[in-house]
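The values are calculated or read from the model by the stated rules, or taken from the named source; none is laboratory data. It should be emphasised that the depicted structure is a prediction, and the values quoted were computed from it without experimental measurement. Neighbour counts are summed over all protein chains in view; Cβ atoms, including those assigned to glycine, are modelled from backbone coordinates with ideal geometry. What goes into the accessible areas is simple: the full protein's heavy atoms, side chains included, and nothing from ligands, DNA or RNA. Shrake-Rupley method; radii C 1.70, N 1.55, O 1.52, S 1.80 Å.
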Amino acid sequence: METVDVTIIGAGVVGLAVAERLSRTGRTVVVLERNPRHGMETSSRNSEVVHSGIYYPPGTLKARLCVEGRELLYETCHRWDIFHRKTGKLVVACSQDEVPGLDKLLAQGEANGVDGLELIDAGFLRDLEPLVRGVAALRAPCAGIVDSEELMRLLLRQAADQGAIFLWNAPVTAAERAAGGYLLLVRGMADPVETSAVVNCAGLAADTVARMPGLDADAAGYAIRRFKGEYFRLRKSLDIRRLIYPLPDTHGLGIHLTLDRKGGIRLGPNSFPVQTLDYDVDAAHKTEFLGAVSKYLPCVSASEIFPDTSGIRPKLSSDGSFRDFVIAEESARGLPGWVNCVGIESPGLTACLAIAGKVADLLEYAR
Ligand SMILES: Cc1cc2nc3c(=O)[nH]c(=O)nc-3n(C[C@H](O)[C@H](O)[C@H](O)COP(=O)(O)OP(=O)(O)OC[C@H]3O[C@@H](n4cnc5c(N)ncnc54)[C@H](O)[C@@H]3O)c2cc1C
């Protein structure tokens, strides 16, 4: 293979968005994915929520890329007929002492430029969603849902049409600096891939990949902590039209209720640390789910929910403290043309197109 301009490691939704964005420029783009197809890890194991942008401190990448990415995502889905629905969402305070939490999210969301946010009282909440109980709620009309598999297939097809080459079953095992770029060793390939630039979109393995060319990932703060999130599903559909969230807790957004494209209802995810990539859902966690959900949806009983899927978050913090996305071109660490995308947990799906734009800017491929 001749020297390629940019090699992307990982074909989750972020790697695919980056491939689509960079292949627009006419540069040669190769994507190396360790699995037999795209999106087999976190990108197909999430809530598929298009987030509004209320949860992240103003000025952070998470805040900016979520708000920017959301609009890009809706435009793209609309233009290419990818399933999405602006359902809106309600963050529900179940008791008076939770109401200041809504005020804080409202202020933060407004500072982040999230339009249409509104605090509503218990009566209006009951009018909007008769099955949901709470003393007040924050309404975010711009939140919604998207079919992540359809989105990934679109990005893959567009990137391939623009000349990007995808290699499946191609795990990158080592990387070294070479004249004018990098040599990437790929298991099963006799020759290394010679590339001028690298974009590390390796999700749960992004810290491992970041270490490959010699970067000290611990010192850089790139070490990933895996936090699993399980889902349960409701046996029957309920008359609920919006996404329903409790107040966020230390490790996540709280066990919330999301809708899928067929009107099915999922509950989750919970959050706990794990060491391995095991996606089983522990049926014994039903009690935890019922306890959390019954606070805002008292009509659900134990017999009506059953274990569904799970996903694993690539977090940069283990104590619940805020850590921003890392999207960094590493010239300052002696690795010019190497871009690391690390800690791309939620809202990575919502933000994927904006993340791709940021990577393009960093590589100075922006048009
Ligand atoms: C439970 C849960 C719920 C979530 N809910 C939402 C939500 O509702 N809305 C939202 O916006 N975000 C959500 N997210 C976050 C979102 O899913 C992620 O931010 C996004 O999917 C990350 O995409 P990615 O491409 O970076 O990672 P991934 O999808 O994990 O892709 C990384 C790819 O890299 C490949 N790879 C790794 N190492 C190598 C290697 N050495 N060589 C080759 N390939 C390699 C992997 O096989 C994988 O395919 C959620 C996440 C979780 C876990």
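Of note:
- On inspection, Gly181 does not qualify as within 11 Å of the ligand (Cβ to nearest atom), crowded, with 16+ Cβ neighbours inside 10 Å and on the phi > 0 side of the Ramachandran plot.
- Residue within region 288-296 that is outside any helix (DSSP H, G or I) and buried (at least 18 other Cβ atoms within 10 Å of the Cβ) present: yes
- Positions within region 261-273 being within 11 Å of the ligand (Cβ to nearest atom) and out of contact with any helix residue (DSSP H, G or I) (no Cβ under 8 Å at 6 or more places or on another chain), in sequence order: Arg266, Pro269, Ser271
- Flag for Ile54 being open to solvent by less than 10 Å² (accessible area, probe 1.4 Å) and assigned to a loop (DSSP other than H, G, I, E, B): yes
- Among the residues of region 84-123, those identified as free of Cβ contacts under 8 Å to residues at least 24 places away in the same chain, in a helix (DSSP H, G or I) and either charged (D, E, K, R) or open to solvent by 70 Å² or more (accessible area, probe 1.4 Å) (or both) are Asp97, Pro100, Asp103, Lys104, Glu110.
- Qualifying position, being more than 14 Å from the ligand (Cβ to nearest atom), at pLDDT 95 or above and of a type in the set (Gly, Ala, Ser), among Gly357, Gly311, Gly348, Gly320: Gly357
- Checked against the criterion of being of a type in the set (Asp, Glu) and open to solvent by 20 Å² or more (accessible area, probe 1.4 Å), the candidates Asp207, Asp239 yield just one match: Asp239.
- A count restricted to region 132-181 and to residues that are of a type outside the set (A, V, I, L, M), closer than 30 Å to Pro100 by Cα and in a loop (DSSP other than H, G, I, E, B) stands at 4.
- Among the residues making up region 139-178, those that are open to solvent by 10 Å² or more (accessible area, probe 1.4 Å), aliphatic (A, V, I, L, M) and closer than 16 Å to Asn35 by Cβ are Leu156, Leu167, Val172.
- From Val4, Val99, Val92, Val18, residue being of a type in the set (A, V, I, L, M, F, W, C) and within 11 Å of the ligand (Cβ to nearest atom): Val18
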